[in-house]
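Novice: Sending over a structure as structure tokens; questions will come in a sec.
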Amino acid sequence: MSSEPVAANPFARSYTFGPYTVVEVSGEIDLATAGSLAEHLEAATGRPEPDVLVDLRPVVFFDCSGLRALCRAEARARERGGRLRLVSDRPRLHRLLRAAGLLRRFPVLPTIPGPAPPPEGPEESGAGPFPDGEPSDTG
């Protein structure tokens, strides 16, 4: 279990935003893709006292393979004196967590706390929320 940066992949990317390590998840997370998510979660929870936000807003499908990756990462974060929270404004995710009995285990936030999160593409004005450019990739 390493805290080395992990390269972005089609299903997950990690970045630092204020005090948080954000793991942004996108697309479909299932048995075939959960490993790509798990790499980012393992890196994000590999340091002491991690404060991890898993942004699930761009996800279109999420099954029990993704839940398993989240449960393992949340346990690692707690073991290291930290926490892992989810970011989602989708009722579908709330229903999935409730059905799995995990709604109390995973605090769900509607947005990432603090200033606006980084944009997905280059800013037209050239000025972004980060004084030195884009956020640094972390794990």
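Novice: Residue pairs, Cβ under 6 Å, 6 or more apart or interchain, first in the range 5-28 and farther than 19 Å from residue 85 by Cβ, second surrounded by fewer than 21 Cβ atoms within 10 Å (Cβ to Cβ) and aromatic (Phe, Trp, Tyr). List them.
Specialist: As it stands, the answer is 28/61, since those pairs meet every condition given.
Novice: Could you grab me the full set of residues in the range 1-15 that are modelled with pLDDT of 95 or more and open to solvent by 30 Å² or more (accessible area, probe 1.4 Å)?
Specialist: Residues satisfying the conditions are 11, 13.
Novice: For the range 63-108, how many residues are farther than 20 Å from residue 46 by Cα and of a type in the set (Lys, Arg)?
Specialist: Number of matching residues: 5.
Novice: Residues that are over 12 Å from the mean Cα position of the chain (by Cα) and over 22 Å from residue 10 (Cα atoms): find the helices (runs of 4 or more DSSP H) completely inside the range 25-119 holding 2 or more of those.
Specialist: It comes to 64-79, 91-99.
Novice: For the structure I just gave you, tell me whether residue 91 is open to solvent by 40 Å² or more (accessible area, probe 1.4 Å), at pLDDT below 95 and touching a strand residue (DSSP E or B) at 6+ places or on another chain (Cβ under 7 Å).
Specialist: Judged against the criteria, residue 91 is not a match.
Novice: Okay, next question. Scanning for something open to solvent by 10 Å² or more (accessible area, probe 1.4 Å), touching a Leu at 6+ places or on another chain (Cβ under 9 Å) and closer than 19 Å to residue 113 by Cβ, does the range 75-83 turn up at least one residue?
Specialist: So far as the range 75-83 goes, no, none of its residues is open to solvent by 10 Å² or more (accessible area, probe 1.4 Å), touching a Leu at 6+ places or on another chain (Cβ under 9 Å) and closer than 19 Å to residue 113 by Cβ.
The values are calculated or read from the model by the stated rules, or taken from the named source; none is laboratory data. Every value quoted in this text rests on a predicted model; they were computed, and no experiment measured them. Counting neighbours? That spans all protein chains shown, and the Cβs are built from the backbone with ideal geometry, glycine included. Accessible surface areas use protein heavy atoms only, side chains included; no ligands, DNA or RNA. Shrake-Rupley method; radii C 1.70, N 1.55, O 1.52, S 1.80 Å.
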